[in-house]
Amino acid sequence: MTATRYELQQGTQEWLDWRLSGITATEASCAMGVSKWGTALSVYNDKLNPKQHEPSEYEEWGSLLEDVIKFKKFAKEHPEFEVRQGACYEREWRKCSLDGELWKDGKCVAILEIKTGSSSADWDPVPDGYYAQVQWQMHVTGIHTTYFAVLIHGHEYFERQVEYDPIYVEKLEEKCQLLWNCIQNQVPPEPDPVHADIDQALVAEAAITNEDKDGEYEISDEEYATFIILRDKCKELEQKLAAQKLLFTNYLYRFQRLTYKGAKFATMVSMKGRDTIDAKRLKEDFPDVYDKVLKKGKPSFYPKFG
């Protein structure tokens, strides 16, 4: 099926509404489990309960620099291409928004993706999350070459070229299809064990905001057995790790640092004692001051297992 091309301005409400009706390239990397910023479960929650996103300063500057990198730098380095503003593409529920398009002889021959960052070391090879994004873009558009134009720290520029990987895309399509089915049927996807911290927060938030929850749920023998086995394995590994750390600590009482193959592995860190406030005494002796400086934390929730 040929992709449909749309001229939508990114960041507008029309564009945001369009994104809600499918899986985008950013969300594809979440479905694949390789994104630093989200998971399949976070995408699921965002689709069913969309929230207004306020861009961070990093995102704002990245957006402001995009056209400079695209039309000033990349276009100058590649006169063989006609660099155009990227459009939006969709094939049914598969969607993507391109930063730029590279045309030659009246045809779009490559995708241009603009990135900013803080370390060039992260780009050998292309980060997994970005790799998944552009593979999805190529899958949706049918354009099988992508150029990354990357600016690090506002002054270090380089490029990376990525070609379409059909074997990778087959797995990517499978993951995204499963996620889209979950969204359509309103059945949450399984939590991602690699990014358990993100999913744990999402599950906890959903649990405390669900006012209709009641009664009990009987877990299966298999679920219970899996939990016990994993818990005991973790406990055993934690004990072994603690013993290994103790061994290294004993070395550090005799030597300034530990090395491995010539590189520093461990050292002893000295920290000054922290000054603290006796909150109980402050409250008793100066209640007005105590009330004035008191900062109340937000309630937190976590599961407690028997």
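The numbers here are math on the coordinates, done by the rules we state, and not lab data. This structure is a prediction, so every number in the text was calculated from the model and none was measured. Here the Cβ is made from the backbone with ideal geometry for all residues, glycine too, and neighbour counts use every protein chain on show.
Taken over the C-alpha atoms, the stretch 124-196 has Rg and Dmax values of 15.4, 47 angstrom. The alpha-carbon of K233 sits under 20 angstrom from the alpha-carbons of these lysines, leaving out residues fewer than 8 places away in its chain: K245, K304.
Per-residue extension of 0.36 nm, minus the Cα-Cα distance of L16 and D105, leaves a gain of 28.8 nm for this segment.
Its alpha carbons considered, the stretch 4-184 gives a radius of gyration followed by a Dmax of 15.8, 45 Å.
A simple spin-label model places pseudo-atoms 7 Å from Cα toward Cβ; at E92 and Q256 they are separated by 6.5 nm.
A crude spin-label estimate for the pair R231 and K73, with each label 7 Å from Cα along the Cβ direction, gives 5.2 nm. With helices as the sole contributors, the chain gives -13500 deg cm²/dmol at 222 nm; each DSSP H run of n ≥ 4 counts as -39500 (n - 2.57), and the sum is divided by every residue.
The fraction of Cα-Cα pairs per 10 angstrom bin, counted from 0 for the chain, comes to 5, 18, 23, 20, 19, 11, 3, 0, 0 percent, rounded to whole percents.
With a 10 Å cut-off between alpha carbons and a GNM built on the chain, which of A263, A225, A110 moves the most? Comparing A263, A225, A110 in the GNM, the peak value goes to A263. Of K175, K36, K296, the residue with the greatest mean-square motion in the GNM of the chain, using alpha carbon springs below 10 Å, is K296.
Backbone N atoms of the stretch 147-173 closer than 13 Å to the 7 Å Cα→Cβ label point of D122 belong to residues 150-154.
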